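The values are calculated or read from the model by the stated rules, or taken from the named source; none is laboratory data. Since the structure is predicted, the reported quantities are computational estimates derived from the model, not experimental observations. Don't worry about glycine lacking a Cβ; one is built from the backbone with ideal geometry, like all the others, and counts go over all protein chains shown. Each accessible area value is taken on the protein alone, full model and side chains, heavy atoms only, with ligands, DNA and RNA left out. Shrake-Rupley method; radii C 1.70, N 1.55, O 1.52, S 1.80 Å.
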Amino acid sequence: MKTTQDLINSLSVEQKIKLFNGVGNWHTYSPYSEIRSIMMCDGPHGLRKQQENNYSDINQSEIATCFPTGSCIASSWDKNALALLGKSIALEAKKENVDLILGPGMNIKRSPLCGRNFEYYSEDPYLSGTLAASYVNAMQEEGVGSCVKHFACNNQEKRRQTSSSNVNERTLHEIYLRGFEIAVKSAQPHAIMCSYNKLNGTFVCHNKYLLTDILRKKWGYKGIVISDWGACIDAAECVKAGMDLAMPNSFGYFDAQLKKALDEKTLSEEELERANKNLLSFVKKHPEHTGILSVDYNLQHKTALELATQSAVLLKSKGLFPLKPQRVIVIGELAEKMKFQGGGSSHINAKEYPDAVEALTKKGFDVLYTKGYYSQICSQKEADKINEALKEEALEILNALQNENLPVLFFCGLTEKYEGEGFDRKTLSLPKEQLDLLSEITKITKNVGVVSFSGAPYDVCFEDDVNSILHMYLCGEACGEACAELICGDVNPSGKLAETWPYKIEDTPCYGNFALDDDEVDYKEEVLVGYRWYEAKRIPVRFSFGYGLSYTFFDYSSLKVNKKGDSYSVTLTVKNSGFVDGAEVVQIYADKELRGFEKVFLKKGESKKLTISLDDNTFKIYSPIKKAFKTIKGEHVIEAGASIKDIRLSAKVTTDGFKKEELVEEETFVIRASGILEGHHHKGKFTLSDSLIDMSKESKRVKFVLEILKFYVRRRNKDKHPEDPAVKIAVSGIEENPIESLISISGGKISEKLARLLVSWANK
């Protein structure tokens, strides 16, 4: 059998060039049969296998199982659940002859308003990296490659293709790279996807410090580095930085760039071969899938249901839940038209399964259902008219039955137009029609249980007015059945929040430095991301990191810290002191940072002794002076608790090492940290790396072309409303992508000649 080097030696220069760029939207180049084409598909929470001719419509893909999204399953805090998810998606991938799944997504949740937060795990890098490693290992054990994304510092959707994330070195390593580092060292994902954005002024795909010095040399990464779709700007620079594969097809544009760079000696053939070797190593370790002819989709659906029930978070419980089967009033269209996933490239084309009304009825409830509000996308004028009528109908029913004091289940959440790839939210609020209706309901009765759906935190301003709140996140195709099982108590809620829920957006760490009309995004909060910020600043929050209630309760005892060599662990005993079986997530914090966790199931009255390993960096910080993580000398506090605010036990540990001032110089974050982007987006300085939206501000001709392209996109999606996430992502791509990337993501419809003409117009 030929070695990877033998395969390289068998290729012509033209073939080596072609290996760098994809063929079509989902395949790699195959120069001959021994080097086969590999297929990749989207799918952090399910397989999205899309046909080439449907590429422009993100909602058109093969039927597949839709599992809980990243924000949902992260709330399980269960490594076994993530492994089950990875394995289950791999089974469907093998059936469809897919070699590489583009997931998991593991970007840090810098702001709750990021439109793509539903795909990501947490605001904490240790939790995110640990869960991702479980997913990756399980998927790759099944013979399907996993591609973790988006590397790195892609923390907002607005201007994600051109903005620069300006981050100091300590923050970069401790917060935004740490999760990826854990995933690489613990699981060696077969691929990593470069994000669109710049990091400190340099496109990530051009960033040799990130892709080579850190990823390969420091972390020992062995897989392939792939561009996000359309993120490759200047192919030669990407190869030199350490990128191996540009997606999708550029229709010869990248080939010409690489040939010119080789001819002019600005790129060596050895550098190109390095990229080729990484791709061919992947091909060699992934023989074509054989023997998988069918998948038991009923079993897959049961898995989706199991994962959904493990991940739901009980936010408030004053006795209404669990609710025995009886007559109930269900209000809210989201009980019928359930929101179980977000919009964008992760959208799964799932079969229809019972909604919450049907599932509750099947459980024996006598359900009186009324829509209450309209959740679908339409004009605001039309929505207002429909909502007023639905509100009146719901209140009439409630008033007529007021004397019976029936339990009311109010289903609410962020509807489809509020969350998706390509755009960020503007506010923490739920839709006004939902809040107005709920306010009227709670004037009539307090016997209200709220069941809510969203991929990220929202303002739970009604908390004091209702009895109970069960948050489902976006929990996949088994959403309706999961709601019924949790409400009636067949399953005891055990989810814990993997992110902080603030009272108001002004309290968040990056307020004023997120999703602005500016390409310079300054991470001035530095390492104080998520709960670190609220703890350090003593800012009250609605629901804390790690928070989640249960139908039972747990006692903690006998905490002990153990050291073996340079590794630490803790032992403690947990007891289910309540009257029903349940699961608890035990969280270990060191100096108020998450360093270990374990989910344990206990029957009523049962106790278990747990041993929880701590993160390798438990007593370390990243030192820009030493260029490495180093141990802080002194006394540290180890805490065990049910959340960052619910600490049950503590102990102290003393370590040798460095004084903090020896590792980190006192510094103040400097606005415009990169200094590189100043002067861009103005006449005379536009290049192919600028976007049409910026060029259109200074050129009427470019603005005219942009309007034509947007009209074309909307025309192709004429059956969809402009607020539909599928339309919004397409429009934002046309507006905000660097014009060079439009050559590839447009399927070749925008040529290099047209792109250069538009730049010349903008500069006149």
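Scanning segment 130-144 turns up at least one residue that is small (Gly, Ala, Ser), crowded, with 24+ Cβ neighbours inside 10 Å and assigned to a helix (DSSP H, G or I).
Among the residues making up segment 111-129, those that are more than 17 Å from Gln587 (Cβ to Cβ) and open to solvent by less than 10 Å² (accessible area, probe 1.4 Å) are Ser111, Cys114, Gly115, Arg116, Asn117, Phe118, Glu119, Tyr120.
Taking the conditions (1) buried (at least 20 other Cβ atoms within 10 Å of the Cβ); (2) in a strand (DSSP E or B); (3) touching a residue at least 24 places away in the same chain (Cβ under 8 Å) in turn, Ser569 satisfies each one other than (1).
Contact annotation: residue pairs with Cβ atoms under 6 Å, 6 or more positions apart or on different chains, pairing a residue in segment 538-559 that is under 17 Å from Thr508 (Cα atoms) with a partner that is modelled with pLDDT of 95 or more and open to solvent by 40 Å² or more (accessible area, probe 1.4 Å), are Arg542/Tyr503; Ser544/Lys645. Elements of the type helices (runs of 4 or more DSSP H) sitting completely within segment 236-328 and holding at least 1 residues that are within 28 Å of the chain's Cα centre (by Cα): these cover 269-285, 297-311.
Screening Gly476 with (1) touching a Cys at 6+ places or on another chain (Cβ under 7 Å); (2) small (Gly, Ala, Ser); (3) open to solvent by 20 Å² or more (accessible area, probe 1.4 Å) gives one miss only, at (3). Would you confirm whether or not segment 363-380 contains a residue that is at pLDDT 95 or above, acidic (Asp, Glu), in contact with an Asp or Glu (Cβ under 6 Å, 6 or more places away or on another chain) and on the phi < 0 side of the Ramachandran plot? So far as segment 363-380 goes, no, none of its residues is at pLDDT 95 or above, acidic (Asp, Glu), in contact with an Asp or Glu (Cβ under 6 Å, 6 or more places away or on another chain) and on the phi < 0 side of the Ramachandran plot. For segment 447-461, filtered to residues that are open to solvent by 10 Å² or more (accessible area, probe 1.4 Å) and within 15 Å of Lys432 (Cβ to Cβ), the residue that is nearest to the chain's Cα centre (by Cα) is Asp459.
Checked against (1) modelled with pLDDT of 90 or more; (2) open to solvent by less than 60 Å² (accessible area, probe 1.4 Å); (3) of a type in the set (Lys, Arg), Lys728 passes all but condition (1). Looking only at residues in segment 222-258 that are hydroxyl-bearing (Ser, Thr, Tyr) and surrounded by 23 or more Cβ atoms within 10 Å (Cβ to Cβ), the one that is modelled with the lowest pLDDT is Ser250. Against the conditions (1) touching a helix residue (DSSP H, G or I) at 6+ places or on another chain (Cβ under 6 Å); (2) in contact (Cβ under 8 Å) with a residue 24 or more places away in the chain, Ser294 satisfies every one except (1).
Checking each residue in segment 485-512 for being open to solvent by 30 Å² or more (accessible area, probe 1.4 Å) and of a type in the set (Lys, Arg) picks out only Lys504.
The single residue among Lys363, Lys385, Lys381 that is touching a residue at least 24 places away in the same chain (Cβ under 8 Å) and of a type in the set (Lys, Arg) turns out to be Lys363. Of the residues making up segment 590-621, those that are within 20 Å of Val653 (Cα to Cα) and either over 24 Å from the mean Cα position of the chain (by Cα) or part of a loop (DSSP other than H, G, I, E, B) (or both) number 15. Just one residue in the set Phe545, Phe579 is surrounded by 20 or more Cβ atoms within 10 Å (Cβ to Cβ) and either in a loop (DSSP other than H, G, I, E, B) or in contact with a Pro (Cβ under 7 Å, 6 or more places away or on another chain) (or both); that residue is Phe545. In the condition set (1) farther than 29 Å from Glu736 by Cα; (2) of a type in the set (Gly, Ala, Ser); (3) surrounded by 21 or more Cβ atoms within 10 Å (Cβ to Cβ); (4) modelled with pLDDT under 95, Gly420 is compliant with all but (1). Do we find that Ser346 is within 26 Å of Tyr221 (Cα to Cα) and surrounded by fewer than 16 Cβ atoms within 10 Å (Cβ to Cβ) in this structure? Considered against the rule, which asks whether it is within 26 Å of Tyr221 (Cα to Cα) and surrounded by fewer than 16 Cβ atoms within 10 Å (Cβ to Cβ), Ser346 comes out as no.
If you go through segment 350-382 and keep only what is of a type in the set (S, T, N, Q), open to solvent by 30 Å² or more (accessible area, probe 1.4 Å) and not in a loop (DSSP other than H, G, I, E, B), you end up with Thr361, Gln380. Against the numbered list (1) crowded, with 24+ Cβ neighbours inside 10 Å; (2) at pLDDT 95 or above, Arg160 comes up short only at (2).
All of (1) open to solvent by less than 10 Å² (accessible area, probe 1.4 Å); (2) over 23 Å from Glu421 (Cβ atoms) hold for Ser317 with one exception: (1). Cβ-Cβ distances below 9 Å connect the following pairs, each with a first residue in segment 689-716 that is at pLDDT 90 or above, a second residue that is aromatic (Phe, Trp, Tyr) and open to solvent by 80 Å² or more (accessible area, probe 1.4 Å), and a separation of six or more residues or different chains: Ser696/Phe704. Selection within segment 617-626: residues that are in contact with a Lys or Arg (Cβ under 9 Å, 6 or more places away or on another chain) and closer than 16 Å to Lys218 by Cβ. The member of this set that is surrounded by the fewest Cβ atoms within 10 Å (Cβ to Cβ) is Pro624.
Would you mind stating whether Ala515 is open to solvent by less than 30 Å² (accessible area, probe 1.4 Å), farther than 19 Å from Ala642 by Cβ, of a type in the set (Gly, Ala, Ser) and more than 20 Å from the chain's Cα centre (by Cα)? So Ala515 fails the test.
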